[in-house]
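**Q** Would you mind keeping the following structure in view while I ask a few things?
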Amino acid sequence: MKKKLVLLQLFLPIILLGQLNINTSYTPQQLVEDYLIGPGITVSNVTYRGQLSQFAFFSNGNSTALGMDEGIILCTGNATQIAQSAGSHMSSSLGGNGVDELDAIINNPSYDTNDGAVLEFDFIPQDTMLSFYYIFGSEEYPEFVCSSYNDIFAFLISGINPSGGMYVDENIALIPGTDLPVAINTVNPGIPGTSYSPSGCTSLSYSSLYVSNSSQQPVFDGFTVPLVAVAKVIPCQTYHIKLCIADVSDGIYDSGVFLKRNSFITNQPVINIVSPYASQDTIYEGCAPVEITISHPDPVPVPTNIYLGLSGTATIGVDCSNLPAIATIPADSTSVTYTLYAYPDTLDEGDESIIITIGGYCGIISSDTIWIKDNPFRVNLSDTIICENEGPITLNPTIIDGNHPYSFMWNTNETLSSITVFPDSTTVYSVTVTDSLSCNATAEATITVNPLPNVSINPVDTTICRGNSVSLIASGADTYIWSNGDTNDTLVVTPNATTTYSVTATNLVNCSNSAQATINIIPMPELVISASPPAICVGESTRIRASGADSYEWNTGDSTSQIIVAPENTTSYTVTGFVQNCDVSKSITIEVYPTPDVILTVSQTHILQGDIIDLQAEGAIEYQWYGDNSISCLNCDIITAEPKFSSEICVVGFNSNCTDTACAFIEVDPCEIFIPNAFTPIKNDINDTWQIFTQCPIGIGELRIYDRWGKQIFYTTNLTDSWDGTYNGERVKPGVYSYKILFSYAHTPTIFYTYQGSIMVLE
């Protein structure tokens, strides 16, 4: 009985390089035909012995520690558990039978095999050497190295041995250059496992072929580097192979063998086409060539001829460059390469094929087809019609079915993707574009240059007075549009200042030209009329001035630049100013206002301090009050005031600039209230109570006192009452208290005043 210590890595992180994917949905035949067999092999009669869970397809191996990306797995346990990281535990006894072929290899009745899996099939090789890649891994590593628990696998071939005799279940899973089978006791870390000695091992000399795995995928604690199994075979003969694996001595601590995808091949030449095109089997006429490589898996010792079959719809040497019928691989080389060009022509002949085949021992062993296609690359340039002196014109070719990047060659010797030109006559431009596949296409464009019309305006220049009109007549074309948007050939204008007018004229070939005409304006008098003052009171006079002209005429008959008038009523005056032959008239209105007679009415002239009085003014249009800072509105006809001291309040009444003043003297009797801010209610007859003091006649009043939490602790409607600093018969604590006083004066019982503040109660 063996024991293996498995430590849960609770404190050490498990590092994952990637995620190994395991797929158990395939049948044995699918795994062999689709994922194991490669070139040069024909397979048949696929069979399998073992549990279906013991084989699978794996992928994404390159993202793990494995070193093999894809392929198939044979194992002694549940294949899905292989996707775990090392440090996990894959140990399952499936109850499966052993493998007789492996028991024969062990040849020891003390050891038997368990949980065996055997994938076997017939195959026909097409060349002389069979090979495939594999990796062996196990949970027996490293603890059971040099023990009897030497889980076993083998690749057993049967058939004719080219060296003589027959292969009969011959194991080809050998350490390279030896006859030693690959196993735990041959490929290992070079030291025995726990409690075992070197005597239990076949060899400890091949640690270079061993990979230790402590934390990554796959689950196995150790596995081999990728190894290759090889066997000499006779082409076209039928062989049988068995891919076997089993546990030894027990059914736990599973092992597995990884077989590289499509690596089960024979050594034969192949055709490889390297194309710059997206489709590797395509070449375009007149474009970049393709490289055709005839290769052999291994270097050949002497020059080796490979016979090529050439067929298809294309004619070699006519539609494309020549290819040899015999490809010769030089000595010590693995390949020979030929360059194939497709010749351009002007024929629309559709796709043409070149079929290249390589014959082998068993018939055609490799074949490939190259399709010659018409060059789809096209370039377009658009013709353009312009007018004389029009430009610049940018020529930008449209590219169809090309491949970036592109190069350009214009007939102007420019190499930019687009060019800008200024032709003064009809000119043809062309460009040749070459793409990344050496395909080229040419396009051309004609720029037609049409003449401009000879347009003129009559009169070209003239002078008029401001306000006069003139007709401008355009000629020399078919249609016209003036700078103001008018589309007639004649334009009537009345400019206010010297103005240049332009017309754009268009002929029948849609070319346009312009002409200009300037209308010079004799400036009109810039007549200015003003009065000082512009408004007067009845009985006053004002001076009216005119400027901006050479001479003047007033409607009063005066011919001076200024006049003095004293109208009794609002009156307008007109003056006409003259500059050369131009005249301008302007008028001004003198407003005449009556003198106001202001009457001031006051509600009372003898008040108590704090009283409010009403004042009303009449007899004017506007008012201005002064004399007391309590006036409610400074420019109203009705106001209120609360004078604090005896003073005079006046109002000025305005009719424009005409004024009158009225005043009233208000006598104010003083009224004061004194409110203490602290007291000491300690019953020493010194400042024992708190009360307010006033000589004002109080009408209605309330006094409230609150503690700091807003609780009312004293209330009275008699403002002469005092507070002794108690609440409910108990003296209040020293501190700050607040008060609120509401009252009206006896002579104004409906007007209430409010006082708020704080009281300090002291010890």
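The values are calculated or read from the model by the stated rules, or taken from the named source; none is laboratory data. If you're wondering where the values come from, they're calculated on a predicted model, not measured in any experiment. Every residue, glycine among them, receives a Cβ derived from its backbone with ideal geometry; neighbour counts consider all protein chains shown.
**Q** Can you give me the number of residues within the stretch 67-100 that are at pLDDT 95 or above, within 13 Å of Lys242 (Cβ to Cβ) and in a loop (DSSP other than H, G, I, E, B)?
**A** 0
**Q** What residue, of Lys733, Lys740, is assigned to a loop (DSSP other than H, G, I, E, B) and assigned by TED's automatic domain parsing to the domain that holds Ile700?
**A** Criteria check complete, one pass: Lys733.
**Q** Checking Phe654 against (1) assigned by TED's automatic domain parsing to the domain that holds Gly757; (2) of a type outside the set (S, T, N, Q); (3) crowded, with 17+ Cβ neighbours inside 10 Å, only one condition comes out false. Which one?
**A** The number of the failed condition is (1).
**Q** Being at pLDDT below 95, assigned to a loop (DSSP other than H, G, I, E, B) and not hydrophobic (A, V, I, L, M, F, W, C) is the filter here, so list the residues in the stretch 227-239 that pass it.
**A** Pro235, Gln237
**Q** Residue check: is Gln216 in a loop (DSSP other than H, G, I, E, B) and either surrounded by fewer than 21 Cβ atoms within 10 Å (Cβ to Cβ) or aromatic (Phe, Trp, Tyr) (or both)?
**A** Judged against the criteria, Gln216 is a match.
**Q** Also: Limited to the stretch 391-405, what total is found for residues that are assigned to a loop (DSSP other than H, G, I, E, B) and surrounded by 18 or more Cβ atoms within 10 Å (Cβ to Cβ)?
**A** The initial filter retains those residues of the stretch 391-405 that are assigned to a loop (DSSP other than H, G, I, E, B), namely 391-392, 396-397, 401-405.
From what is left, the residues that are surrounded by 18 or more Cβ atoms within 10 Å (Cβ to Cβ) are 397, 402-403.
Looking only at that region, the number is 3.
**Q** If you don't mind, there's one more thing I want to ask. Would you check which residues across the stretch 503-537 are closer than 29 Å to Asn581 by Cβ and either among the hydroxyl-bearing types (Ser, Thr, Tyr) or touching a His at 6+ places or on another chain (Cβ under 9 Å) (or both) and list them?
**A** Passing the criteria: Thr518, Ser530.
**Q** Could you tell me which numbered condition Leu381 fails, if it satisfies all but one of (1) in contact with a Cys (Cβ under 6 Å, 6 or more places away or on another chain); (2) over 22 Å from Thr315 (Cβ atoms); (3) buried (at least 17 other Cβ atoms within 10 Å of the Cβ)?
**A** Just one mismatch for Leu381, condition (1).
**Q** Moving on to the next point. Here is a list: Tyr501, Tyr429. Which entry is surrounded by 14 or more Cβ atoms within 10 Å (Cβ to Cβ), aromatic (Phe, Trp, Tyr) and under 30 Å from Ser585 (Cβ atoms)?
**A** Tyr501
**Q** Can Thr412 be described as more than 14 Å from Leu381 (Cα to Cα) and not assigned by TED's automatic domain parsing to the domain that holds Val290?
**A** Details: more than 14 Å from Leu381 (Cα to Cα): yes; not assigned by TED's automatic domain parsing to the domain that holds Val290: yes.
Here the answer is yes, as Thr412 does meet what is asked.
**Q** Right, next: Exactly one condition in (1) assigned to a strand (DSSP E or B); (2) within 26 Å of Ser110 (Cβ to Cβ); (3) in contact with a Phe, Trp or Tyr (Cβ under 7 Å, 6 or more places away or on another chain) is not met by Phe258; state its number.
**A** Result: Phe258 fails condition (2) only.
Let's see how each residue does on (1) surrounded by fewer than 21 Cβ atoms within 10 Å (Cβ to Cβ); (2) in a strand (DSSP E or B):
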| site | (1), (2) |
| --- | --- |
| Leu102 | no, no |
| Gly137 | no, yes |
| Phe144 | no, no |
| Gly177 | yes, no |
| Ile184 | no, no |
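**Q** Separate question: Could you please find all residues in the stretch 574-585 being crowded, with 16+ Cβ neighbours inside 10 Å, under 29 Å from Glu540 (Cβ atoms) and of a type outside the set (A, V, I, L, M)?
**A** Those that are crowded, with 16+ Cβ neighbours inside 10 Å, under 29 Å from Glu540 (Cβ atoms) and of a type outside the set (A, V, I, L, M): Thr576, Gly577.
**Q** May I ask you to list the residues in the stretch 665-701 that are under 13 Å from Tyr753 (Cβ atoms) and free of Cβ contacts under 8 Å to residues at least 24 places away in the same chain?
**A** none
**Q** Another question about this same structure. Out of the residues in the stretch 438-490 that are within 26 Å of Thr420 (Cβ to Cβ) and among the polar types (S, T, N, Q), state the one that is nearest to the chain's Cα centre (by Cα).
**A** Per the criteria, the residue is Asn440.
**Q** Of all the residues that make up the stretch 108-134, how many are more than 23 Å from Asp254 (Cα to Cα) and acidic (Asp, Glu)?
**A** 2
**Q** Checking Lys644 against (1) modelled with pLDDT of 85 or more; (2) surrounded by fewer than 16 Cβ atoms within 10 Å (Cβ to Cβ); (3) more than 15 Å from Asp660 (Cβ to Cβ), which single condition isn't satisfied?
**A** (1)
**Q** Taking the stretch 620-679 as the search range and keeping residues that are outside any strand (DSSP E or B) and among the hydroxyl-bearing types (Ser, Thr, Tyr), which one is nearest to Leu608 (Cα to Cα)? Break it down into steps so the answer makes sense when it comes.
**A** The first filter runs over the stretch 620-679 and keeps only residues outside any strand (DSSP E or B), leaving 620-621, 627-637, 642-646, 656-657, 670-672, 675-677.
Now narrow it down to the ones that are among the hydroxyl-bearing types (Ser, Thr, Tyr): 630, 632, 646, 656.
Details: Ser630: 15, Ser632: 18, Ser646: 10, Ser656: 37 Å.
If we take residues in the stretch 620-679 being outside any strand (DSSP E or B) and among the hydroxyl-bearing types (Ser, Thr, Tyr), then Ser646 is nearest to Leu608 (Cα to Cα).
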